Amino acid sequence: KLYSVNVDGSDLKEIPLDTVKEEYIQQMVVGKDCNITLLIESLSGKEKILVRIDEKGQELARKSLGNIIKQIDNTGLIKLLVTDNEKIVLVTSLVIYLLDTDFNIISEIEVQGDIQDAAFSKAGNVICVVPVPQNDMKQTCKIKVLDLNKQEWCEEISVNVSSESDTVAVLNGRDAYDFYIKNHKGIYRFLRLQPKNDTPLMLRFERHFL
């Protein structure tokens with residue numbers, strides 16, 4: 001089931017959703033216009049469906065993931081993202097798909113590296129976290145940046161955040177910060193600086209929130 005509620009906990013309402021008992025919501029994203037994009041999966045894992053509804057539960061679009069993603073049985077779906085203009089971004093282990101509001105493919109970008117998670121930077125680019133093994137058997141990570149406007153990889157950023165104990169998650173950028181990374185130790189925030197020679201830098205500010 002799907003519910004809406006005010007931030008103070010009041011006015012709890014169920015949002016009607018057309019599913020069956022053998023299905024569950026695997027991922028969900030609320031867009032800027034309050035439309036909700038859902039990835040619904042069968043308990044057997046054989047069927048995955050993308051559904052877009054409005055805030056009242058009215059269905060706007062529906063499509064089987066098997067009609068979008070190639071080699072669905074061999075492709076791990078990592079993240080479902082929605083841009084400010086309601087484009088859908090599907091991050092898989094092989095390809096990143098950019099879809100329109102009816103889930104038709106706009107473009108396909110080949111994945112670079114073993115992506116663990118993905119989110120949006122403050123600038124609206126897709127940022128993907130990729131593990132980097134170290135010589136001492138420990139593991140850090142790097143950020144791969146995908147420019148959605150140009151539909152190409154544009155930058156790689158090394159970050160000294162441990163990913164040896166668990167999967168690292170990357171969080172959307174907001175306010176003054178370009179993006180956030182979370183691991184078992186805490187949440188790290190990253191701020192971009194632009195030096196005089198126009199060479200981009202990432203200045204890292206660490207603060208443990210957990």
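The values are calculated or read from the model by the stated rules, or taken from the named source; none is laboratory data. Quantities reported herein were computed from a predicted structural model and do not represent experimental measurements. Here the Cβ is made from the backbone with ideal geometry for all residues, glycine too, and neighbour counts use every protein chain on show. Remember, those area values only see protein heavy atoms, side chains included, never the ligands or the DNA or RNA. Shrake-Rupley method; radii C 1.70, N 1.55, O 1.52, S 1.80 Å.
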Reported set for region 44-66 where residues are part of a strand (DSSP E or B), small (Gly, Ala, Ser) and surrounded by 15 or more Cβ atoms within 10 Å (Cβ to Cβ) is Ala61
Within region 94-129, track down each residue that is among the hydrophobic types (A, V, I, L, M, F, W, C) and open to solvent by less than 10 Å² (accessible area, probe 1.4 Å).
Ile96, Leu99, Phe103, Ala118, Ala119, Val126, Ile127, Cys128, Val129
Output the qualifying pairs, or none if there are none: Cβ atoms under 7 angstrom, residues six or more apart or on different chains, first residue in region 15-40 and closer than 15 Å to Ser4 by Cα, second residue in a loop (DSSP other than H, G, I, E, B) and not charged (D, E, K, R).
Ile15/Gly57; Pro16/Gly57; Leu17/Gly57; Thr37/Gly31
Given the residues Glu14, Glu41, which is the only one that is touching a strand residue (DSSP E or B) at 6+ places or on another chain (Cβ under 9 Å), outside any loop (DSSP other than H, G, I, E, B), farther than 23 Å from Lys87 by Cα and of a type outside the set (S, T, N, Q)?
Glu14
Give just the number: which of (1) at pLDDT 90 or above; (2) of a type in the set (S, T, N, Q); (3) out of contact with any Lys or Arg (no Cβ under 6 Å at 6 or more places or on another chain); (4) open to solvent by less than 80 Å² (accessible area, probe 1.4 Å) does Thr37 not satisfy?
(3)
